[in-house]
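The values are calculated or read from the model by the stated rules, or taken from the named source; none is laboratory data. None of the values given here were measured: they were computed from a predicted structure. Using ideal geometry, Cβ is built from the backbone for each residue, glycine included, and neighbour counts are taken over all protein chains shown.
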């Protein structure tokens, strides 16, 4: 039986990536482990395309669907422009649910300048919670983009904002009653507002425009730990990170402590991983800071792909955990 969430990488490589239909000359970059977008070259433009579902959230599902998909486009250093959305609604859905999700989609897309240009909506038999699947697109001059596969050995690894942002917001919204045992009403309210941090469009475009960026990746399912592995997988590199350099918000720490989960393995949309030339890393952090975007250098990329290390708070060095399943699912399974 497969674990909840993303299909394991070995199944992707051995099954999914071997069944990709016809070969088309426009496809410059197709499905690749750790790389969240495809690239289609059309004349003098490159079209960057990404698709992601929102399955583990109920409260702000439309907001998340827009921003999570837009984030993937932005990690290529490209402005997200268009969105297709597929709404799969529970069989007991009503007009109010359609209105709520649609208005969330509209609000989020308007905020980042995206047009919603098509999609699908249906009431789905046997479905108990809504699912929203998004497909985002952005244009750039041909070849003018970065991917998660371009990190270099010796690059510094930068993280914007904090770990577990999306998971914090989801759990505060969907498990509020349980969390009242451990968090104040003010802490829960603040945690819910983490939804407002989900976008990394400004983070990515600011970093890319500063120069020296080789690769970017947004940690979604699997959190910061999973995102680091995905970036290293894509670039065929190792990595060494430092636990005490990774910012974790106090609210995230308390929620993770309550559910006994790891904040580094909690779904992390809203943060951005940036692999940059060592000599440019501080300038990127300073530029982000000037734009009121928290950022920190958390480690460096290594030449040996088998070396994936984390130095703990006590100075002990160990293998960086690779999540088999996002810790959000563990938390949601507990009442």
Any chance you could count how many residues in the stretch 115-158 are in a loop (DSSP other than H, G, I, E, B), farther than 30 Å from residue 304 by Cα and under 18 Å from the mean Cα position of the chain (by Cα)?
0
Checklist (1) surrounded by fewer than 22 Cβ atoms within 10 Å (Cβ to Cβ); (2) touching a strand residue (DSSP E or B) at 6+ places or on another chain (Cβ under 9 Å); (3) over 17 Å from residue 307 (Cα atoms) applied to residue 240, failing item:
(3)
Just checking, which of 101, 158, 116, 131 is more than 30 Å from residue 287 (Cβ to Cβ) and crowded, with 21+ Cβ neighbours inside 10 Å?
101
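Rundown of residues vs (1) part of a strand (DSSP E or B); (2) surrounded by 14 or more Cβ atoms within 10 Å (Cβ to Cβ); (3) in contact with a strand residue (DSSP E or B) (Cβ under 9 Å, 6 or more places away or on another chain), yes/no style:
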{"position": "5", "(1), (2), (3)": "no, yes, no"}
{"position": "10", "(1), (2), (3)": "no, no, no"}
{"position": "13", "(1), (2), (3)": "no, no, no"}
{"position": "39", "(1), (2), (3)": "yes, yes, yes"}
{"position": "47", "(1), (2), (3)": "yes, yes, yes"}
{"position": "50", "(1), (2), (3)": "yes, yes, yes"}
{"position": "64", "(1), (2), (3)": "no, yes, yes"}
Select from the stretch 66-98 the residues that are part of a loop (DSSP other than H, G, I, E, B) and either surrounded by fewer than 16 Cβ atoms within 10 Å (Cβ to Cβ) or in the same structural domain as residue 231 (by TED's automatic domain parsing) (or both) and list them in ascending order.
91, 92, 94
Tally of residues being farther than 30 Å from residue 196 by Cβ and in contact with a helix residue (DSSP H, G or I) (Cβ under 9 Å, 6 or more places away or on another chain) across the stretch 293-313
7
Quick check on this structure: which one of 136, 121 is under 16 Å from residue 204 (Cβ atoms), in contact with a helix residue (DSSP H, G or I) (Cβ under 9 Å, 6 or more places away or on another chain) and in the same structural domain as residue 39 (by TED's automatic domain parsing)?
136
Among the residues of the stretch 43-57, how many are under 30 Å from residue 131 (Cβ atoms) and at pLDDT 95 or above?
6
Considering only the stretch 181-215, how many residues are touching a helix residue (DSSP H, G or I) at 6+ places or on another chain (Cβ under 7 Å) and assigned to a loop (DSSP other than H, G, I, E, B)?
7
